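Please treat every number below as a calculation from the coordinates, not as lab data. Note that the structure is a prediction, hence the values are computed from the model and not measured. Cβ atoms come from the backbone with ideal geometry, glycine included; neighbour counts cover every protein chain shown.
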Amino acid sequence: MTQPILELKDVKKSFGSNHVLRGVNIDVSPGQSLVILGGSGSGKSVMLKNALGLMTPDSGKIFFDGDDVTHEQGKEREAMRARMGMLFQSGALFDSLPVWENVAFRLLNAEKMKRAEAKERAIDTLKKVRLGASIADLYPAELSGGMQKRVALARAIITKPELIFFDEPTTGLDPITADAINDLIIEQVKALGAASISITHDMASARKIADEIAMLFEGEIIWRGPADIIDNSGNDYVDQFVHGRAEGPIQPAI
Ligand SMILES: Nc1ncnc2c1ncn2[C@@H]1O[C@H](COP(=O)(O)OP(=O)(O)OP(=O)(O)O)[C@@H](O)[C@H]1O
């Protein structure tokens with residue numbers, strides 16, 4: 001069996017009396033695309049932050065490429081982060097930086113690459129997401145939402161990561177643009193041979209990009225299976241979520 005690139009074992013995280021993660025077990029293997037579903041406030045972002053090392057679990061363990069990284073800090077953590085890419089919800093581009101500096105952010109800041117070389121790499125990477133060199137010097141505010149997502153995708157892949165996280169990659173886009181972003185995600189993740197973990201509410205996107213789908217509910221992964229059986233999961237919670245019904249075991253978060 002291939003060693004997972006990332007594994008969370010019985011990860012727990014609470015904020016006071018709010019027990020958000022209550023023993024999360026999940027893993028993703030190289031080349032695999034895993035989508036995690038979960039209602040608003042179910043802890044998807046908290047799980048992602050723990051996996052990325054932006055938050056430390058109260059208990060449980062996180063393994064990256066077989067190494068226990070739960071409490072790693074400093075240089076070790078930086079080395080791990082260098083092997084990961086991240087596309088944040090709503091793109092999260094820096095408004096004050098031109099597009100190319102956003103894309104090359106890690107190269108310029110963590111790797112201290114020379115500006116001319118970093119700009120060349122940024123333009124090459126923009127081409128991969130079908131954006132021309134002419135937008136390299138524009139600012140994020142001058143781009144459409146779909147273009148901003150492409151820029152964010154370019155930023156996530158520029159370091160050729162082995163594992164990429166996508167946090168709501170299609171939020172705020174019309175269905176056609178969302179589909180184009182999904183295609184680019186699939187194409188680029190495949191080209192890198194990377195694993196990916198995506199969190200999304202968008203079932204069309206989940207169906208398209210996932211090999212496997214998992215569902216987070218009340219702080220635990222309650223179901224996991226191949227994407228093509230999601231309509232026949234045999235799980236009432238998954239069923240309710242997939243069909244977007246207010247009625248069922250999951251209470252709407254309002
Ligand atoms: N830094 C924090 N301090 C205190 N509570 C937090 C913190 N981060 C998250 N929470 C709480 O953890 C719970 C889960 O939040 P989280 O953002 O992970 O949900 P989510 O599943 O990503 O939701 P959504 O789909 O709406 O983005 C919420 O109750 C939230 O208030």
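A few points about this structure:
- For segment 146-155, the Karplus equation 6.51 cos²θ - 1.76 cosθ + 1.60, evaluated at θ = phi - 60°, returns couplings of x, 5, 4, 5, 5, 4, 5, 5, 4, 4 Hz by residue, with Gly and Pro reported as x.
- Segment 8-48-segment 225-254 distance, computed between alpha-carbon centres (Å): 17 Å
- Residue-by-residue Karplus 3J(HN,Hα) for segment 206-212, coefficients 6.51, -1.76, 1.60, Hz, glycine and proline x: 4, 4, 6, 8, 7, 7, 10
- Subtracting the Cα-Cα distance of HIS71 and ARG130 from their residue separation scaled by 0.36 nm leaves 17.4 nm.
- Signed unit charges on C-beta, dipole axis of segment 31-124, positive-most listed residue PRO98, ALA51, PHE64: PRO98
- Range in the chain, longest, excluding exposed trypsin sites (Lys or Arg not before Pro) [loop by DSSP; at most 15 other beta-carbon atoms within 10 Å]: 131-244
- For segment 177-194, the residues whose backbone nitrogen is under 16 Å from a point 7 Å from the Cα of LYS160, taken along Cα to Cβ, are 188-194.
- The chain, relative contact order [Cα under 8 Å, separation at least 6], %: 25 percent
- Sites ALA246 and ARG207 - FRET efficiency at Förster radius 22 Å, r taken between beta-carbons, to 0.05: 0.55
- Evaluating 6.51 cos²θ - 1.76 cosθ + 1.60 at θ = phi - 60° for every residue in segment 192-205, the Karplus couplings come out as 7, x, 7, 8, 9, 10, 10, 10, 7, 9, 8, 5, 4, 5 Hz, glycine and proline recorded as x.
- Per residue, the average separation of C-alpha pairs within less than 8 Å and at least 6 apart gives segment 12-149 a relative contact order of 16 percent.
- Rounded to 5, the percent of DSSP beta bridges in the chain classed as antiparallel: 55 percent
- Dipole magnitude for segment 61-126: computed about the Cα centre from +1 point charges on Lys and Arg Cβ and -1 point charges on Asp and Glu Cβ, it is near 160 debye.
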